[in-house]
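The values are calculated or read from the model by the stated rules, or taken from the named source; none is laboratory data. The structure presented is a predicted model; accordingly, all values stated were derived computationally and were not measured. Here the Cβ positions follow ideal geometry from the backbone for every residue, glycine too, while neighbour counts run over all protein chains shown.
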Amino acid sequence: MIASGSAASTEAPVSLITGGAGFVAANLIPRLLNEGRRVVCVDNLSRGRLSYLDKHATSLGFAFVRADLSDRDECVAAFGAASLAGTLDEVWHLAANSDIPAGVADPDVDHKDTFRTTFEVLRAMRLHGVRTLHFASSSAVYGDMGELALVETAGPLLPISNYGAMKLASEAQISAASETHLDRAHLFRFPNVVGVPATHGVIVDFVRKLVEDPERLAVLGNGSQRKAYLHVSDLVDAMLWIRSRASQRRGVFNIGPVDDGVEVRWIAAKVVEAMAPNARIEFGSGNRGWVGDVPRFRYDTRLVGSLGWKPRLDSASAVLRAIAEVVEQERPNANV
Ligand SMILES: NC(=O)c1ccc[n+]([C@@H]2O[C@H](COP(=O)([O-])OP(=O)(O)OC[C@H]3O[C@@H](n4cnc5c(N)ncnc54)[C@H](O)[C@@H]3O)[C@@H](O)[C@H]2O)c1
């Protein structure tokens, strides 16, 4: 385990972010530091990168701990290190396997990085008396509900990927923990989130393919998959909004745009237009990109809307902004 960054006053409030070297964390960290909090990021660097944290490395309120949170001893030690930074009073649990096809190929991946990390984080929170948890869940917990609008109270929930199954199991474990040692638990169900620094997802996949071969873009599935996309800046806004306004001890929130999303074929066309206008787009067959892919979903976001939050960007605008950001990120010699 390595630690860097600051030692600090024992009075300062501390946020621990698991998966702290990943995409969403990179956008959350500055917002928490701006609140005057100290931030301790924990990550095993299986997907995240230390370079995403470079700009915070010299910040007085920031520290990084390298640890595998599915390992009991490493997880408890990471919490111990975070407790030294001040008063550890909240955890943002973002660590997970974010590669759904990898979990289809080997279910152990989701069990270890998505469920086991949740189980060990909850156990360490109990040990250290940390009573507030914000959890990155996913639309994948709903499974394939066809054209039905996905509402937080829907059920039974029957995920169709190991990733979704382990997110749902994590939600269940958090729910049980809120009967014993949590005062507040927010279960945020994200849609597809876009922006930078992108570690995965359809846009970065298309951009990397075109960097490799500017003549052709192969699309997984027939391109008719229609999904809701949220820009990461809106996602972080929504989570902080809910954190400051929701009154539930244990709340489940869909976070997403209010539209029905855009089709993958449209995203492919826009990436080609931005990068290689002469490339031909080759579609696969069937309406799923991979086993466990949910081809269409419509989010019901009235609950977060009732708290007064609405996104600044709809799905199409979020995707267009993210394409420009990811193209810049993947440019040779880009500073990421
Ligand atoms: N980005 C999306 O579109 C999206 C959609 C729905 C849900 N989510 C969830 O949001 C969270 C953040 O997603 P992201 O896009 O930033 O993903 P990401 O892959 O960029 O970040 C996750 C981080 O967790 C770390 N990690 C994985 N296993 C670990 C372990 N055992 N111990 C310590 N660290 C570990 C990885 O190294 C990575 O840095 C994840 O839980 C993800 O499942 C993301």
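Can you work out which of the residues in segment 24-45 that are of a type in the set (Gly, Ala, Ser) and surrounded by 20 or more Cβ atoms within 10 Å (Cβ to Cβ) is farthest from the ligand (Cβ to nearest atom)?
Ala26
Quick check on segment 99-129: of everything there that is out of contact with any helix residue (DSSP H, G or I) (no Cβ under 8 Å at 6 or more places or on another chain), farther than 17 Å from Asp71 by Cα and within 15 Å of the ligand (Cβ to nearest atom), which residue is modelled with the lowest pLDDT?
Taking the candidates together, the pick is Pro101.
Quick one: would you say Gly261 is crowded, with 17+ Cβ neighbours inside 10 Å, in contact with a helix residue (DSSP H, G or I) (Cβ under 6 Å, 6 or more places away or on another chain) and among the small types (Gly, Ala, Ser)?
The answer is yes for Gly261.
Going residue by residue through segment 47-56, is there one that turns out to be hydrophobic (A, V, I, L, M, F, W, C) and more than 30 Å from Ala102 (Cα to Cα)?
Looking through segment 47-56, none of the residues is hydrophobic (A, V, I, L, M, F, W, C) and more than 30 Å from Ala102 (Cα to Cα).
If the Cβ limit is 7 Å and pairs must be 6+ apart or interchain, which residue in segment 163-181 that is farther than 13 Å from Pro107 by Cβ and in contact (Cβ under 8 Å) with a residue 12 or more places away in the chain pairs with which residue that is basic (Lys, Arg) and outside any helix (DSSP H, G or I)?
These pairs meet every condition: Ser175/Arg250; Ser178/Arg249; Ser178/Arg250; His181/Arg131.
Residue by residue, here is whether (1) within 13 Å of the ligand (Cβ to nearest atom); (2) farther than 24 Å from Asp259 by Cα; (3) surrounded by fewer than 21 Cβ atoms within 10 Å (Cβ to Cβ) holds:
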position: Glu147; (1), (2), (3): no, no, yes
position: Pro156; (1), (2), (3): no, yes, yes
position: Ala165; (1), (2), (3): yes, yes, no
position: Ser170; (1), (2), (3): yes, yes, no
position: Gln173; (1), (2), (3): no, yes, yes
position: Glu179; (1), (2), (3): no, yes, yes
position: Phe188; (1), (2), (3): yes, no, no
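Would you mention how many residues in segment 15-64 are more than 25 Å from Gln329 (Cβ to Cβ), in a strand (DSSP E or B) and more than 19 Å from the chain's Cα centre (by Cα)?
2
In this structure, is Asp89 acidic (Asp, Glu), away from the ligand (no atom under 13 Å from the Cβ) and either part of a helix (DSSP H, G or I) or in contact (Cβ under 8 Å) with a residue 12 or more places away in the chain (or both)?
Taking the combined requirement at face value, the residue satisfies it.
Buried (at least 24 other Cβ atoms within 10 Å of the Cβ) and of a type in the set (Val, Ile, Thr) - does that describe any residue in segment 83-102?
Checked against the condition, which is being buried (at least 24 other Cβ atoms within 10 Å of the Cβ) and of a type in the set (Val, Ile, Thr), segment 83-102 yields at least one hit.
Looking at Thr87, Thr58, Thr18, can you tell me which residue is closer than 22 Å to Ala140 by Cβ and of a type in the set (Ser, Thr, Tyr)?
Result of the check over Thr87, Thr58, Thr18: Thr18.
Looking at segment 224-245, can you tell me whether even one residue there is at pLDDT 95 or above, in contact with a strand residue (DSSP E or B) (Cβ under 7 Å, 6 or more places away or on another chain) and away from the ligand (no atom under 13 Å from the Cβ)?
yes
Which one is modelled with the highest pLDDT, of the residues in segment 22-60 that are among the hydroxyl-bearing types (Ser, Thr, Tyr) and over 22 Å from Thr114 (Cα atoms)?
For segment 22-60, the residue satisfying everything is Ser51.
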